[in-house]
1. Test A:Q257 against the criterion of being open to solvent by 10 Å² or more (accessible area, probe 1.4 Å), within 14 Å of chain C (Cβ to nearest Cβ) and either among the hydrophobic types (A, V, I, L, M, F, W, C) or under 30 Å from B:C270 (Cα atoms) (or both), and give yes or no.
2. Please list, ordered by first then second residue, the pairs with beta carbon atoms under 7 Å, 6 or more apart or interchain, first in segment A:26-51 and under 18 Å from A:F65 (Cα atoms), second open to solvent by 70 Å² or more (accessible area, probe 1.4 Å).
3. Only residues that are assigned to a strand (DSSP E or B), over 16 Å from the mean Cα position of the chain (by Cα) and of a type outside the set (A, V, I, L, M, F, W, C): list them for segment B:283-299, please.
4. Which numbered condition in (1) at the interface with another protein chain (Cβ under 10 Å from one of its Cβ atoms); (2) touching an Asp or Glu at 6+ places or on another chain (Cβ under 9 Å) is the only one that C:R343 fails?
5. Any idea which of A:I140, A:I152, A:I128 is under 19 Å from B:E105 (Cα atoms) and either hydrophobic (A, V, I, L, M, F, W, C) or assigned by TED's automatic domain parsing to the domain that holds A:G183 (or both)?
6. Of C:G215, C:G147, C:G192, which residue is in contact with a Leu (Cβ under 9 Å, 6 or more places away or on another chain), open to solvent by less than 10 Å² (accessible area, probe 1.4 Å) and at the interface with another protein chain (Cβ under 9 Å from one of its Cβ atoms)?
7. Filter segment B:104-135 down to the residues that are open to solvent by 20 Å² or more (accessible area, probe 1.4 Å) and within 14 Å of chain A (Cβ to nearest Cβ) and list them by number.
8. Considering only residues that are surrounded by 24 or more Cβ atoms within 10 Å (Cβ to Cβ) and in contact with a Gly (Cβ under 8 Å, 6 or more places away or on another chain), look in segment C:271-287 and name the one that is farthest from the other protein chains (Cβ to nearest Cβ).
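The values are calculated or read from the model by the stated rules, or taken from the named source; none is laboratory data. Please read all numbers here as calculations on a predicted model, not as lab measurements. Virtual Cβ from ideal backbone geometry, glycine too; neighbours counted across all protein chains shown. Ligands, DNA and RNA are excluded from the accessible area calculation, which covers all protein heavy atoms including side chains. Shrake-Rupley method; radii C 1.70, N 1.55, O 1.52, S 1.80 Å.
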Amino acid sequence: MTLTPSAIAEIVSVERIVGDESKPLRGFASLTEAHNTDLSFFSDPRYENHLYTTKAGAVLLPLDFQAKRPLPSYLTQIYVRRPDQAFYTLVQKYKAPPLPEWGREPNSFIHPSAEIPEDTYIGAFAYIGERVKIGSQARIFPFAYVGAEVEIGEGTVVYPHAVIMPRTKIGSWCIIHPGAVIGADGFGFYKGDTRLYERIPQIGRVVIEDEVEVGANTCVDRATLGETRLGKGVKLDNLIQIAHNVQIGPHTAIAAQTGIAGSTTIGAYCRLGGQVGIADHLSIAEGSSIAAQSGVSRSITTPGKSWRGAPAQEVRQQLLMEALMRRLPELYPKLREIEKIIRHP
Amino acid sequence: MTLTPSAIAEIVSVERIVGDESKPLRGFASLTEAHNTDLSFFSDPRYENHLYTTKAGAVLLPLDFQAKRPLPSYLTQIYVRRPDQAFYTLVQKYKAPPLPEWGREPNSFIHPSAEIPEDTYIGAFAYIGERVKIGSQARIFPFAYVGAEVEIGEGTVVYPHAVIMPRTKIGSWCIIHPGAVIGADGFGFYKGDTRLYERIPQIGRVVIEDEVEVGANTCVDRATLGETRLGKGVKLDNLIQIAHNVQIGPHTAIAAQTGIAGSTTIGAYCRLGGQVGIADHLSIAEGSSIAAQSGVSRSITTPGKSWRGAPAQEVRQQLLMEALMRRLPELYPKLREIEKIIRHP
Amino acid sequence: MTLTPSAIAEIVSVERIVGDESKPLRGFASLTEAHNTDLSFFSDPRYENHLYTTKAGAVLLPLDFQAKRPLPSYLTQIYVRRPDQAFYTLVQKYKAPPLPEWGREPNSFIHPSAEIPEDTYIGAFAYIGERVKIGSQARIFPFAYVGAEVEIGEGTVVYPHAVIMPRTKIGSWCIIHPGAVIGADGFGFYKGDTRLYERIPQIGRVVIEDEVEVGANTCVDRATLGETRLGKGVKLDNLIQIAHNVQIGPHTAIAAQTGIAGSTTIGAYCRLGGQVGIADHLSIAEGSSIAAQSGVSRSITTPGKSWRGAPAQEVRQQLLMEALMRRLPELYPKLREIEKIIRHP
């Protein structure tokens, strides 16, 4: 690609350009890594220092930006409403690797009862089971397993080695990353007459609404009865465990290696850090924010609060407690001193 | 399906029925989710309230059940010895999705030296290596990798994308869930003369006894020498790490994302919560119960106790410690007060 | 195999042999598990007791070994400079299962534009995409997915079900264990005008230097821009999460289930225990040692120190704090006693 500041103004809405409007730009990079043919962007005030030292050829700047010092003379300034958005739009248009064309690679296994429109991609060694329904513009990569009666919506991408077990329903414009396992049996047993653990048959399913992402090697178990559900716009990172009958509200984002135990409900617009554990049968209020490595063992009923620690408390309480814990080494000598004074005054 | 209370009495042992014996039942659901054509069950006294408000058409009740209030008039009561067991038996019989028929789908790779009985299922794109032996009624799903000299017992199910590395031995009636990796090399290195980490060759294997479940994307590493072993009836949830040379005793159940480090032995009938970590070369006594997110760095020698925390302590000690930690914010001011008093009495 | 102490002396450098030089040895085992036809070794002084009770037929001993008690009479002693190294060299030579021969199994998918030397192994159902370059002596196992423009160096092994997403670069003599996912999209979103989470296009890649191991079901995400990089000799255990733009210095080893958040840099020669979490945008100094289950939320700037806890502190401080936490139950009564005394002296 070769792009110029003036060509950028034809793609995204630019208020004004300061500097060389015809400077050739060949790549995209962060302020600290950019070379003189790269476009960069500035939007987080914490990194303003990088602006004065960047080697980038051009930078996208917010409309209200006021430089505290002179910017490098070789740096073309392109003022836009939202530099991050403009930058990612350009990256997507010029550099994102193309998805595969519609069509079917050889050596796939497609059951004759499956319904698959023409405008889809089915990779080599993809497995499409009985009565599967796939929406138009969907892409099923090599080694994807799509079990019987699965429904996959329009534009959804199923990456290599993802496993979609039977009767799962996936909405439109979702992305299922490599190695994700959706709809495996939940971990449920009852005490039998002779065996300690008899399997509880897991006859429910997983329902994934539109615009959801499921990260690499993440597991979402099917429900015992009923549904395990990921709401619209939910984003799951890698290596997450979602147990049977969990419900996750719309637009909740969860970082890697977090685990949600069975039948727990997470509200909409929550944010969970990495390696969080949430116990079973809880309810987490809308808009909760839970710090990495926290352990939640009680329901959270007040919406919109931040939590931290194991067992989790409100973040300020927990930070205070952590600070005081680190002061324990000074507390004990003080106590001994006090004892000495009162016993031998 | 259509089932009636009187038809149920022909399948499971029913003591008596109160209400409409010929009510048509078409599904299975929990008390809170059931509609008027669903069968439900009641066995956990904590949920008795749901009995008085359920919309279910019929409910399985324990023989000694005494209603505290009148049950809904439309609710047929079916009294059985164990409602949970009766319910799951009926679910399994009427609703569990059928496993695939015996036979071989096209496009599998089966080494001519493999021994596979007729009454097995081998999915498309399954890979069966040299000298593999598979028991009758076993099911090997698409994309399963079964390495050289693996033995798989009668009735065992290997789900899509499971990887069984060479020389692993799996017993009868086991379930290997999607994406599980059994028999990958352990993580072992020694300091070489020129390299910091030289690989220790991992020539041991994994042995899995009968009736074991290994969860989705769970890893069980082969032994360095000798065996990594999962005892009879062991149940592993998803995303668990079992390192080389670990031994897990019969009927131990482990929840998701827990990790057991190398050469540790876990006794029989233990229960480990999710995200637990157990250090290497330890021994955990029979019947130990370890709470979620605990970290165990010393052997547990007394059997049958409950543990919690990181580092783990007996649960009562740990809960007391946690409670006192949360009281630290009141302790420090108190201490300052005391100091004030004794210094300026 | 049948080996004798004198035959061993032809393979590894032996200083002297005490006992039967022609004793037939058929296997390798640890001191505690060995039978009378097994070779064992002794190098860790903590296990010296096992030497006096072992049933092994022969043992490799360090040159400076001085027995405190008489060794068993049937135990042939073979003195070498480094018993562990000698033992593993022999194990590798006599017992390590052979890797597959060069050649191509049927049913692989190889894009005509891929460059693959003759002296490589390509398993059944391997997928090799457009313009892939594979080095000589590389082995690509069944169900490996090797995306477009991936480069794989000489002698590298890609085990079954590993996923190498497009444009990843892997060096020489690496091992990618089963189910590992390398180069999936990073977890990055920005606030859109209408959607809370718009995807940030992930156009960077993963670069893996020589002699790296990536464990089973471990995930290494591609960079947003630029590179996610694993330095030479890095060893990753199973089920690890390496987020986008992470840099890991040479010869750093990380145990299972640890997660490193986005853009964090880990120095060379670090050792991270299992289930550790490291927050994003941090820098961890060279030679740091971080205990299992620690949580690191600030950069570590002093090299070569040991850290523990969540939030992590230097190990001695943390151990002191943990010890004092366990003494809280005795602190509170003491405080009450003091209060009593000063208020009612």
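1. Details: open to solvent by 10 Å² or more (accessible area, probe 1.4 Å): yes; within 14 Å of chain C (Cβ to nearest Cβ): yes; either among the hydrophobic types (A, V, I, L, M, F, W, C) or under 30 Å from B:C270 (Cα atoms) (or both): yes.
Taking the combined requirement at face value, the residue satisfies it.
2. Final answer for the pair search is A:L31/A:Y47; A:H50/A:T32.
3. Our first condition is that a residue be assigned to a strand (DSSP E or B); within segment B:283-299, this holds for B:283-284, B:289-290, B:295-296.
Okay, now just the ones that are also over 16 Å from the mean Cα position of the chain (by Cα), so B:283-284, B:295-296.
B:S283, B:G295, listed by residue number.
4. Here C:R343 meets the rest and fails (2).
5. The unique qualifying residue is A:I128.
6. On the way: C:G147 fails: in contact with a Leu (Cβ under 9 Å, 6 or more places away or on another chain); C:G192 fails: in contact with a Leu (Cβ under 9 Å, 6 or more places away or on another chain).
Going through C:G215, C:G147, C:G192 in turn, the sole match is C:G215.
7. B:R104, B:E105, B:P106, B:N107, B:S108, B:F109
8. Among those residues, the one meeting the criterion is C:I284.
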